[in-house]
There are 2 protein chains.
Amino acid sequence: MKFTPPPASLRNPLIIPEKIMMGPGPSNCSKRVLTAMTNTVLSNFHAELFQTMDEVKDGLRYIFQTDNRATMCVSGSAHAGMEAMLSNLLEEGDRVLIAVNGIWAERAVEMSTRYGADVRTIEGPADRPFSLETLTRAIELHQPKCLFLTHGDSSSGLLQPLEGVGQICHQHDCLLIVDAVASLCGVPFYMDKWEVDAVYTGAQKVLGAPPGITPISISPKALDVIKNRRTKSKVFYWDLLLLGNYWGCYDEPKRYHHTVASNLIFALREALAQIAEEGLDKQIKRRMECAQVLYDGLGKMGLEIFVKDPKHRLPTVTGIMIPKGVDWWKVSQYAMNNFSLEVQGGLGPTFDKAWRVGIMGECSTVQKIHFYLYGLKESLKATHPNYAFEESNGFH
Amino acid sequence: MKFTPPPASLRNPLIIPEKIMMGPGPSNCSKRVLTAMTNTVLSNFHAELFQTMDEVKDGLRYIFQTDNRATMCVSGSAHAGMEAMLSNLLEEGDRVLIAVNGIWAERAVEMSTRYGADVRTIEGPADRPFSLETLTRAIELHQPKCLFLTHGDSSSGLLQPLEGVGQICHQHDCLLIVDAVASLCGVPFYMDKWEVDAVYTGAQKVLGAPPGITPISISPKALDVIKNRRTKSKVFYWDLLLLGNYWGCYDEPKRYHHTVASNLIFALREALAQIAEEGLDKQIKRRMECAQVLYDGLGKMGLEIFVKDPKHRLPTVTGIMIPKGVDWWKVSQYAMNNFSLEVQGGLGPTFDKAWRVGIMGECSTVQKIHFYLYGLKESLKATHPNYAFEESNGFH
């Protein structure tokens, strides 16, 4: 028994500094959520794990505002949630309409194409939502099996209104798939009332849980479509008939499917309990108030927001336009090195154009917003001594 | 803004009892591993996360005994690792040969079929490995693109020798895919020397890390096959060209792929550091010694082992035959209720026939083995007062 020697890099201790994670996610988790992960790892045969999974389902039905039985988690990132939906609802040749104005919709195009779907797109500017009229016309033109919409786009900070879209879809025998990764618990979302057929969100975003597990829910209509597929869905790991059975969604005896990440389930359970204790309405109001404090503070510094129209802004992610002549990366680095503050840059439509600030998880307090504004301003001043904050707003 | 009320089930505190997890995985993690998860969640833009990922890669190359650049983790369970390999290496119509004698190979058949592969199987008894001759003849007959083998089968406790198999595969232009979920760090494994092309293991098994993240490695030859696919792999989430880029395997600038489960990466890093500190040779010897203590103790109790031939036994998972007239589930329940000890039942070939005991993670000490033997015996006695331990071994 001879082996190559162990690597030297593992001899050092693991040191992860505390940081204030105010980018567009992952956000900071509460101590309660982090501590939950130190519980004993449980396997698929333990009653305490099944009970915790049931409680997670209760919490998810609450935050999605749905009665859907098929409410569960995918053992993977939010990208896995997106792909689980597309791989279950689309078969080769099925037509899907994707409304593209940010990078998540682009990902949906890429994934759907790989599964052999007939992908149609409508494109729009990154800072304005699609109107109900535009969506209706596109549905009438393409007659898709599914429409994919991003509710809150973390690459831009845009909020897409959903009222009425589900009804239009169902008038045209089309299912509505919604990406609520960055929006859920930051703005109202009513899965059943809005007739959304499939939704997924990000644990590590507004919910304040760690990444690696992704809440999803599908309507009875969508479940019927999956049950009546001509072919099995390509991906065993995400087969929602098997996964839903394992999560106890279908009133059948449970069959082993895969080993769930018990410790992430414990953490998500605690994040959901914290949301339930405060109440969705107060959570959302708090984040909207934080967003207003942020907008006011940025305005006073003469900084503009990527999404111009306040009613189209996602309160949980805000794009801050990088002023002319400013090296955004230098500012971000300074903020991290001096304030342990994440001032994250843009992605997709905001790349090199904006910073993105998140009001998610534990970072959704007015105090944290003031700290962010302070840190951003000091970092701007320190890295750009000649930068003049606009006179009109009182800063020099 | 009106919502349905929050669920009552989330009002109770989360209480997960401490348990001794001596089933075939997940196993108990060390305090150091569990505590690592309480570090700040980091996103894809933080140097500390990238450094930790590099250290994880170093540790994985060590435990796989490989120089493969394409060594990384899939953000999902070991099943996701299996499916990532199959979805990357197989295209529609590609022929794969699967050696079936336990439930993991059956899963590989199911997955490969869904991806449209031309699936061929050879079947064998669950308690005897495939001989090199049998494998060679099957490769010659079927001329597959890939051969799938389970190194250590946790459904039976069988160890499949791998020496020489890679060489035979390569003489026939075939790639060797190995499931090392339950075996790695419990028995020697030499990826490069044995010419294994694709391997995955389970974090929550012998390694003693939490579930939800899965180490994988692929050879340069397998990477070439993936690079030269006629079609893109179906699953974006597991595309090893994109994932490997993100894990910094290919000396290219990193591109965002998905949000990794940073806290599981921290935990895995600590599990690997503990293995590196002790050394692979000592880890493996320790588990082999534990297995011997277990075999001896079971023998003294008159209990038989599912895999008869000692040289074919996987030291990390042992199937204990359930004696005639014994209700295995009653025994398991008693052990859990009275000793917080997991005495897990069988799965696949051992279902209703054997208990399965794991020597994995923190449960790989002689002390724990003695406790298991004690707990099993007391539980057997208490639930079956008339059960006679065989006289020959001194127990009555």
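Computed from the alpha carbon atoms alone, the convex hull of the protein assembly as shown holds 149 Å³ per residue. Applying a threshold of 21 Å to the alpha-carbon distances of A:LYS227/B:LYS232; A:LYS368/B:LYS2; B:LYS300/B:LYS324 flags A:LYS227/B:LYS232; A:LYS368/B:LYS2 as lying beyond it. The stretch between B:GLU362 and B:LYS381, if pulled fully straight at 0.36 nm per residue, gains 4.1 nm over its current Cα-Cα span.
Note on B:LYS221: aspartates and glutamates with a C-alpha under 14 Å away, same-chain residues under 8 apart excluded, are B:ASP67, B:ASP173, B:ASP192, B:GLU195, B:ASP197. When only alpha carbons are used to place a centre, segment A:290-332 and segment B:18-72 end up 37 Å from one another. Too long at a 20 Å Cα-Cα cut-off: which of B:LYS19/B:LYS205; B:LYS205/B:LYS285; A:LYS57/A:LYS254; A:LYS205/A:LYS353? Violating the 20 Å limit, Cα to Cα: A:LYS205/A:LYS353.
Pull up the DSSP beta bridges for chain A and report the antiparallel fraction as a percent, rounded to 5. Given both bridge residues lie in chain A, the antiparallel proportion sits at roughly 45 percent. For A:PRO310, the label point sits 7 Å beyond Cα toward Cβ; its separations from the matching points on the remaining copies run 8.0 nm, from shortest to longest. Positive-end ranking of B:GLY319, B:TRP329, B:ALA138 along the dipole of chain B, with charges on Cβ about the Cα centre, is headed by B:TRP329. Relative to the dominant Cα principal axis of chain B, helix B:103-114 is inclined by about 30°.
Among the trypsin sites (Lys or Arg not before Pro) in segment B:115-217, those placed in a DSSP loop whose Cβ has at most 14 other Cβ atoms within 10 Å are B:LYS193. For segment A:317-396, chymotrypsin sites (Phe, Trp or Tyr not before Pro) meeting the loop criterion (DSSP other than H, G, I, E, B) and having at most 15 other Cβ atoms within 10 Å: A:PHE351, A:TYR387, A:PHE395. Modelled spin labels at A:ASP54 and B:GLN51, positioned 7 Å past Cα toward Cβ, are 4.6 nm from each other. Taking the DSSP bridge list for segment A:93-213 and keeping only pairs wholly inside it, about 10 percent are antiparallel.
Beta-bridge orientation, the protein assembly as shown: approximately 45 percent antiparallel, per DSSP, counting only bridges with both partners inside. Which whole-number percent gives the relative contact order of chain A, counting Cα pairs below 8 Å spaced six or more residues apart? The normalised contact order for chain A reaches 24 percent. Rounded to the nearest 10 degrees, the angle from helix A:132-142 to the longest Cα principal axis of chain A is 40 degrees. Residue-wise HN-Hα couplings along segment B:66-78, as the Karplus relation 6.51 cos²θ - 1.76 cosθ + 1.60 with θ = phi - 60° gives them from phi, are 9, 9, 3, 5, 7, 10, 6, 10, 8, 7, x, 6, 4 Hz; Gly and Pro carry x.
With each label modelled as a point 7 angstrom along the Cα→C-beta vector, the B:GLU252-A:LYS300 pair spans 4.7 nm.
For the Cα atoms of chain B, what angle does the longest principal axis make with the long axis of helix B:262-278, in degrees from 0 to 90, nearest 10? Between helix and principal axis, roughly 70 degrees. Here A:PRO385 yields copy-to-copy label distances, from shortest upward, of 9.0 nm, the label point defined as 7 Å from Cα along Cα to C-beta. Shielding of peptide B:44-51 by partners, expressed as the average count of other chain Cβ atoms within 10 Å per residue Cβ, is 4.
How many angstrom separate the Cα center of segment A:76-94 from the Cα center of segment B:136-167? Segment A:76-94 and segment B:136-167 have Cα centres spaced 32 Å from each other.
Under the combined filter of DSSP loop state and at most 13 neighbouring Cβ atoms within 10 Å, segment A:1-74 retains these GluC sites (Glu not before Pro): A:GLU18.
In plain terms, the chain from B:ARG229 to B:MET1 could stretch by 77.0 nm, reckoned as 0.36 nm per residue minus the Cα-Cα distance.
Counts of other chain beta carbons within 10 angstrom of each beta carbon in peptide A:111-119 average 2. For B:HIS172, the label point sits 7 Å beyond Cα toward Cβ; its separations from the matching points on the remaining copies run 5.3 nm, from shortest to longest.
Read-outs: derived from the displayed coordinates by stated rules, not from any lab. Model, not experiment: these values are computed from the prediction. Here the Cβ is made from the backbone with ideal geometry for all residues, glycine too, and neighbour counts use every protein chain on show.
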